[in-house]
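> Quick one: structure below, then a few questions.
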Amino acid sequence: MKLCILGGGGFRTPYVYQALLRDRGFPRVTEVALYDVDEHRLRSMTAILEQFAAGFEDAPRLVPTLSLESAIEGSDFVFAAIRVGGLEGRRCDEHVALDLNVLGQETTGPGGLAYAIRTIPVMMNIARVVRELAPNAYVMNFTNPAGIITEAMQSVLGDRVLGICDTPSGLGRRVAGLLGLDHTRVQMDYVGLNHLGWMRRVMYNGEDVLPRLLADDEKLGLMEEGHVFGTDWIRSLGAIPNEYLYYYYFNRDAVRNIVDSKITRGDFLAKTQGEFFDRAIAAGDGAAELWRETVETRSASYMAEAKGGVQGAPTSSREHETDPSHQGYAGVALGVMAAITRNERATMILNVRNGTTIQGLPADAVIEVPTTVDANGVHPQTTAQPELAQIGLMQQVKAVERHTIAAAVTGSRDEALKAFALHPLVDSVTVARSLLAGYIDRIPEVARVLTR
């Protein structure tokens with residue numbers, strides 16, 4: 001089988017490749033096409049992957065390329081993780097908003113909308129290339145904002161596009177671990193949109209064990225969510241919120257913490273990843289170890305503003321998984337491929353088309369829910385309807401996402417203005433106009449999309 005990785009020079013590509021190296025099932029991936037627009041990063045990452053492959057006689061063959069068509073042609077699966085505008089674009093996503101005292105974050109709030117506006121046209125073109133050159137391929141999208149991008153691509157490829165996010169499944173594994181349960185036997189009742197959802201029940205042998213966790217001060221306090229939201233607020237909700245809901249429930253705190261830290265996540269990554277790629281080629285046989293060290297530092301300061309820390313300084317208490325085959329989204333991606341090609345039916349929390357799953361949202365809206373995957377594709381599971389506060393927030397954000405897609409597809413600045421103004425974390429037409437002007441002025445890729 002052929003796997004195409006779009007954004008193959010990206011920093012997280014080794015997670016996916018290491019998972020493939022350890023996969024013993026059949027059929028398995030034998031060729032990995034690595035596509036990127038940055039030749040230096042692509043060459044560096046290929047060298048790192050070759051070092052990881054040492055000792056594996058049947059390692060999937062690496063085919064780095066700067067040709068999108070060559071990478072996609074004949075692929076069985078396409079894994080998409082690109083960043084249009086690079087890390088400089090991400091820095092602008094954050095700073096344009098923060099300069100207006102609005103949340104500056106990669107996927108949540110106006111920064112995520114600016115990111116989506118410049119990314120959707122690129123991903124729509126990729127979808128058309130897939131339709132032409134690999135019509136039977138499944139696209140596993142990790143490009144952020146994952147829900148919006150997946151929904152836009154589905155207009156071309158339908159249900160053969162699904163969005164992957166490691167946060168919900170990681171939450172389920174950690175809950176199971178705290179309760180001493182086998183996470184493979186746990187069923188998670190989760191509902192929401194990408195980076196906006198709630199774990200409502202955790203079923204084990206027919207029993208909902210989540211109340212047991214909510215009643216345990218010590219165990220709940222050990223969770224990052226307990227630290228981020230506070231145990232009392234989680235108990236009030238009666239559910240464990242996705243960590244990104246911190247930006248909604250504690251919006252003013254988040255903005256103040258990011259501003260006070262003097263450095264954004266984008267600032268930190270631009271510096272550290274730039275240094276990494278400069279050093280990687282010179283590191284020779286030590287490039288893989290350099291990657292390990294850099295990614296550990298990167299992971300430890302994830303969402304520092306939500307944990308009372310400073311961006312770039314270690315704050316994470318989450319134990320890093322040592323088995324790359326289960327490392328976040330790489331494990332989810334491998335699980336999707338195995339379920340489809342080997343008919344190893346599995347249930348994962350994915351970004352998929354709503355259909356009739358959640359009342360109050362359009363049938364073609366992308367939602368994030370437990371989904372059964374098998375040889376016949378992806379099938380969202382029936383779920384209890386969200387509470388009023390949950391569906392209200394989901395509807396508002398989904399409306400914003402739709403205006404964002406319309407802006408990116410038509411080039412309409414009016415649609416973009418609606419997206420910014422109607423976002424609950426902006427909540428001001430005046431501020432929305434300033435955001436729109438700022439993104440057009442500072443990010444060339446946004447200006448090229450919004451032309452009318």
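The values are calculated or read from the model by the stated rules, or taken from the named source; none is laboratory data. The structure presented is a predicted model; accordingly, all values stated were derived computationally and were not measured. Counting neighbours? That spans all protein chains shown, and the Cβs are built from the backbone with ideal geometry, glycine included. To get the accessible areas, we keep the full protein, side chains included, count just its heavy atoms, and leave off ligands, DNA and RNA. Shrake-Rupley method; radii C 1.70, N 1.55, O 1.52, S 1.80 Å.
> For residues that are touching a residue at least 12 places away in the same chain (Cβ under 8 Å) and farther than 10 Å from residue 117 by Cα, tally how many sit in the range 404-420.
Total satisfying the criteria: 8.
> Here's something else I'd like to know. Being assigned to a loop (DSSP other than H, G, I, E, B) and farther than 22 Å from residue 286 by Cβ is the filter; apply it to the range 1-21 and report the residue that is least open to solvent (accessible area, probe 1.4 Å).
The extreme case among them is 7.
> Now for a different question. Working only within the range 22-53, note down all residues that are open to solvent by less than 70 Å² (accessible area, probe 1.4 Å), of a type in the set (A, V, I, L, M, F, W, C) and either out of contact with any Leu (no Cβ under 9 Å at 6 or more places or on another chain) or at positive phi (or both).
47
> Going through the range 55-75 one residue at a time, which ones are more than 21 Å from residue 118 (Cα to Cα), open to solvent by less than 60 Å² (accessible area, probe 1.4 Å) and assigned to a loop (DSSP other than H, G, I, E, B)?
Residues satisfying the conditions are 59, 60, 74, 75.
> Quick test for you: out of 143, 167, 150, 107, pick the one residue that is touching a residue at least 24 places away in the same chain (Cβ under 8 Å) and farther than 24 Å from residue 339 by Cα.
The unique qualifying residue is 107.
> Pairs under 8 Å by beta carbon, first residue free of Cβ contacts under 8 Å to residues at least 40 places away in the same chain in the range 24-42, partner surrounded by 21 or more Cβ atoms within 10 Å (Cβ to Cβ) and of a type in the set (S, T, N, Q), six or more apart or different chains?
Hits for this filter: 34/13.
> Given the criterion open to solvent by 10 Å² or more (accessible area, probe 1.4 Å), over 29 Å from residue 68 (Cα atoms) and in contact with a Lys or Arg (Cβ under 8 Å, 6 or more places away or on another chain), identify the matching residue among 178, 98. Talk me through it step by step, then tell me what you get.
On the way: 98 fails: in contact with a Lys or Arg (Cβ under 8 Å, 6 or more places away or on another chain).
Only one candidate qualifies: 178.
Yes/no per residue for (1) out of contact with any strand residue (DSSP E or B) (no Cβ under 9 Å at 6 or more places or on another chain); (2) touching a residue at least 24 places away in the same chain (Cβ under 8 Å):
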{"residue": "231", "(1), (2)": "yes, no"}
{"residue": "237", "(1), (2)": "no, yes"}
{"residue": "241", "(1), (2)": "no, yes"}
{"residue": "244", "(1), (2)": "no, yes"}
{"residue": "261", "(1), (2)": "yes, yes"}
{"residue": "267", "(1), (2)": "yes, yes"}
{"residue": "279", "(1), (2)": "yes, no"}
{"residue": "288", "(1), (2)": "yes, yes"}
{"residue": "293", "(1), (2)": "yes, no"}
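> Report, by residue number, each residue of the range 223-262 that is surrounded by fewer than 16 Cβ atoms within 10 Å (Cβ to Cβ) and outside any helix (DSSP H, G or I).
230, 238, 262
> Follow-up. Hey, among the residues in the range 181-198 that are among the β-branched types (Val, Ile, Thr) and at pLDDT below 95, which one's surrounded by the most Cβ atoms within 10 Å (Cβ to Cβ)?
The residue in question is 186.
> While we're here: Quick one: in the range 284-312, which of the residues that are open to solvent by 40 Å² or more (accessible area, probe 1.4 Å) and either within 22 Å of residue 177 (Cβ to Cβ) or assigned to a loop (DSSP other than H, G, I, E, B) (or both) is modelled with the highest pLDDT?
296
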